[in-house]
Every structure is written in C-alpha cells, then in structure tokens.
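Step one of this worksheet: look at the structure below.
None of the figures in this text is laboratory data; all of them are computed from the coordinates on show. On a predicted model such as this, the values are computed, not experimentally measured, just so you know. Here the Cβ positions follow ideal geometry from the backbone for every residue, glycine too, while neighbour counts run over all protein chains shown.
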Amino acid sequence: MRVINMGPDPSLAYRPNLKTNETKEKEGYRNFESGDLIDRVFNTYKLMHTQQTVEFVNQMNSVWTGCSHTKLGMVDAIMSLDQLVDESDPDVDFPNSFHAFQTAEGIRQAHPDNDWFQLVGLIHDVGKTMALWDVPQWAVVGDTFPVGCQYQNSIVFRDNSFMDNPDEKNSRYNTEFGIYEPNCGLDKVHMSWGHDEYLYRVLKFNNCSIPEEGLYMIRFHSFYPWHSHGDYMHLCNEKDLRMLPWVQEFNKFDLYTKTTELPDVDKLKPYYQSLIDKYCPGILKW
C-alpha cells in the first residue's frame, strides 16, 4: 500500500493556548517555527482548505462510512500506523504506536477508574489508517472544522488559505449558519473529513460500547476552533456543551504526554487488550 505524503500537520505550533513555557521538552522535536518547514506547513493547510468542501465531505462519507475496506482487530490497526510516514510529527523518529500508548498511560495515571477513557487515549489516532489506502494527509491529519457554513477566524491560516475553496464564494454556505439551524447540535454538522470522523464512524458501525463521552473525544479532538477557541457555539446544543469539558480534558493528554521516554509496549499490551476486548472486541470492519 502506498502512503501519500502531502505535508505535515502544523496545528500544534499555531495554537495560542499552547504556552511555550509548558512545552519546552516537546519543542525540541515538534519544531514548526523555523527553516523551510513553514512553507510545507502552509501548503498542507492550503490543500486542506481548498479541497475540504461540502461536496468533498459527502464523497468521503460515502466511500468510508460503509466500513468495507478491510477487517482488522484494534491492536493490529494501532500497530499498522507504524507503516505510516506521519508528517504531522516530522521530528519524532519513533513509531506512531508509541504516542498511542503514551497518551493512554497518561490518562491511566490521572483517571485510573475510567478504563474507557484510557482506551480512547490508545485508539484516538487510529483513523489515520486511511492514509494506508492512498488518502492524502490533508484529508487525514490536521485540525478539523465545519463545512457548509462560514469559516471562523480561529481556523489555522484562515486569512490566506480559503481563497480557492468554492464554498467560500457560495452564498448558501458562507453565512454564519449556512445550511444549519441555530443550535442544531454538532451531530448534524458536517465536519471536514479526517481521522477523527472516520474512527468515530468505525466504532459506531461496529457497535463498540465506548461511552458517549469517549466518542465525543474521538470525533472532535482535532476540532480546535471549538474546544480551544470557543467558536461554533451557535451550532451547539446542550449535549455538546455537556461533552465539551470531556473533550478538553482529553486534549491535555493528547498534547502533553509525548516524551523521549518510550513505553514498554509489549508489557502494556495485555492490559490494553483487555480494554479492547471489553469495549471493541474481535475483528472490526474498517
């Protein structure tokens, strides 16, 4: 299977809520602020913000939400990401699976009684397996945002990356509410296509029993304009607002558990296999 490399996920460097004095250790291997990388960063988001339209999202939903691409157990899906050249972490030279276990272990330490939360930490990026079926990375990684309504200012590179997006000029889509009703709920909003939405759909398709809070974490952990900047609240209903603190709590572990001390994956696998067997057992359809 061929991996398409369309540029890195630069979102970590352009989040105002990410204080430099809190991430000194991480800056050494997630540097999106110097050298030629900035051009690649912009090009990635320019592709995303040009191609992610209502029509494109509908097409991707049609292709991927039927879960007809392969059958795979969750552990194998996690480990398969080690085949992926994940350009969202260009300075990290250890396999993708380590981030999964690091996130899970961080959550396990802080939330020992919420085993489903720990599992969410383990599997949250597994939707990136789409890249192993030739989906370009601008449609897999990076921050997500609603399509079908006005793009908010907190979106990365909002000012200079949407000029060629046809929805930007479409009067049906470029107003505050666009095709949506006020407070319709995020479940009725079409998000830009990426690994968040894909894994959420896989879990729902396979009737996995992760609680709603965990499903929200998976579905919206890359929706930074919402959970970190307070945008798109006019589309949210009461359920979304109840779930928002859970997504924000998860985000802390997704961002801040990466260290150079790698976990002993073989030692941890039996425990996390027990969680997989509890919440999303067996061979899943992808």
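With no solvent and one equal point scatterer placed on each C-alpha of the range 163-286, evaluate the Debye formula and give log10 I(q)/I(0) for q = 0.14 Å⁻¹, two decimals.
Rounded to two decimals, the profile gives -0.78.
Taking 27 Å as the cut-off for C-alpha to C-alpha distance, list the pairs among Lys46/Lys71; Lys46/Lys128; Lys169/Lys285; Lys71/Lys239; Lys188/Lys269; Lys188/Lys278 that go past it.
The answer is Lys46/Lys71; Lys169/Lys285; Lys71/Lys239; Lys188/Lys269; Lys188/Lys278.
Can you classify the range 36-75 as rounded, prolate or oblate using the Cα gyration tensor, where a ≥ b ≥ c are the square roots of its eigenvalues, rounded means a/c under 1.5, and otherwise it's prolate if a/b beats b/c and oblate if not?
Oblate, since a/c reaches 1.5 and b/c is not below a/b.
With a 10 Å radius around each residue's Cβ, average the other Cβ atoms per peptide and rank 195-208, 52-65, 213-226, highest first.
Working: 195-208: 20.6, 52-65: 16.7, 213-226: 24.1.
Final packing ranking: 213-226, 195-208, 52-65.
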